[in-house]
Structures are given as structure tokens and as C-alpha cells.
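Written below as C-alpha cells is the structure these notes are about.
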Amino acid sequence: MGKYKSKIKRILFKLSGEALQGEKEYGIDVNFLQDLAKKLVYLSKYKGLQIIIVIGGGNIFRGVSGASNGLDRSQADYMGMLATIMNGIALGDAIETNGNEVRIMSALDIPKVAETFVRRRALKHLEKGRIVISVAGSGNPYYTTDSAAVLRALELDCDFMVKGTKVDGIYDKDPEKFDNAKKYENITLSDALGKGLKIMDQSAIALAKDEKLPIFVCKINDIEKILSKNIKGTYVDID
């Protein structure tokens, strides 16, 4: 990962809710969750990375899907935010079980289960070696967790953002459906935006492009190799 900076200090990981399903069709795969937590603790405690995680809620509820089935879009999006909180609590518990302090910070005020997200407080937690899990997106309907992840990465001065997916990078089409799918080893944010590649939603890519935030897309199972030169993935570079 020396492509980005000689000294990497702080990374934001964007994890989809669906990733927590593991082999299940719905909800949370506890075995997968424990394995993921061990990898994050390894990066934090033994590699010295400051880690922020933004997590989705699609394994429990997806706002856009709810709206398409007749729910009011704003209400559906708030329901999706609550799903991210549930995922954040589960992941936080798994990380603490594996020996690393965690602070769950929410864009919605829910003081009994999470701190309200405050930038300076989040930075202090990171400096103390705690993993920060940011939940409830940006706290606003109509904004995806992709956009919230870019926003948090910029707010917290991250060196870059990592998006963990089910495949080892970005392809021109779904590699699980098409054998001739072509993988991009490198692509610029402008090209990703122009080609309409589904790395993230378009507004999230546009914000990353405007603010020159580099992104790395890799398989979620490989995230413990993020500092290795041998990790497979796609670099989405600033222009």
C-alpha cells in the first residue's frame, strides 16, 4: 500500500451490511463476525493503524428497498440507519471480545447504546488506540452509507478509504455472473464516475473526487493484508 503514502496512520473501512451475512441469507454470521474482528484487532494492535469503520445495514433492512415497497422514503432510510446501529453493536462486541477497545459513535442521538458522533471526540478515541465504529450513516435520509463513509474519512483526516467487498477489486461487470469480466488494477475517480462503475453511489464518488480522497477496493476477507504489497485489489486514484 506504499502507493498512497510512505507512512499510513489512519484508514477508514467501509463495510457493507451484506458482508456480515457471511454464508447466511439474512442477518449476521457470528463466525464470520469473529473472524473479521480478529483481523481488525490485528491491524489496530499489532500494525498500529488508527481505524474507523462505517458499516451499512443491508443485511437487515435497506431504505431504498423499503421505499420501493410503499414506505415513505425518509422513514425507510431512518429504519436503515437503525439497522446499521445493530450491526455496529454486534461488530463492536466482537472486536472488544478479541481485545481492542471500541467506541460506537452514532449520527443519531441514542445515548444508551452509542456516543453521538463528535469529530474531536472521535479523533481522541483514535489517538488512544480505540477502533471507532460510525453508525447511522450521516443521520440524514436520502444519503447512503457510501456517502457517509467518504464524509467521515474526510472529517477524520484519513490517509485513504478501503471498501471491503465480496470480490477482489473492481470489474467492468459482475465477475460472479460473467466469466469474461475484466478487472481494473488501477482506475481514476474521474474514470470510475464516467464509466458509472458501481464502486459506490455516484454522489460518494463525486465527493471523493472533489476532495482528492484515494480509495482501495479489496475482498473483505483480505483486509488484514492491507499494508502488504501483495494484497489484491483495485486502486481508485485521485486524478
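The values are calculated or read from the model by the stated rules, or taken from the named source; none is laboratory data. Just so it is clear, the model here is predicted, and its values are computed rather than measured. For neighbour counting, all protein chains shown are included, and Cβ atoms are generated from backbone atoms with ideal geometry for every residue, glycine included.
Residues that are closer than 26 Å to residue 210 by Cβ, out of contact with any helix residue (DSSP H, G or I) (no Cβ under 7 Å at 6 or more places or on another chain) and not in a loop (DSSP other than H, G, I, E, B): does the stretch 130-145 have at least one?
Within the stretch 130-145 (the criterion being closer than 26 Å to residue 210 by Cβ, out of contact with any helix residue (DSSP H, G or I) (no Cβ under 7 Å at 6 or more places or on another chain) and not in a loop (DSSP other than H, G, I, E, B)), the answer is no, since none of the residues qualifies.
Does the stretch 222-235 hold any residues that are surrounded by 15 or more Cβ atoms within 10 Å (Cβ to Cβ) and either in contact with an Asp or Glu (Cβ under 8 Å, 6 or more places away or on another chain) or modelled with pLDDT under 90 (or both), and which are they?
222, 231, 233, 234, 235
Restricting the stretch 134-170 to residues that are among the charged types (D, E, K, R) and touching a residue at least 40 places away in the same chain (Cβ under 8 Å), which is nearest to residue 15 (Cα to Cα)?
Applying the filter and picking the extreme gives 163.
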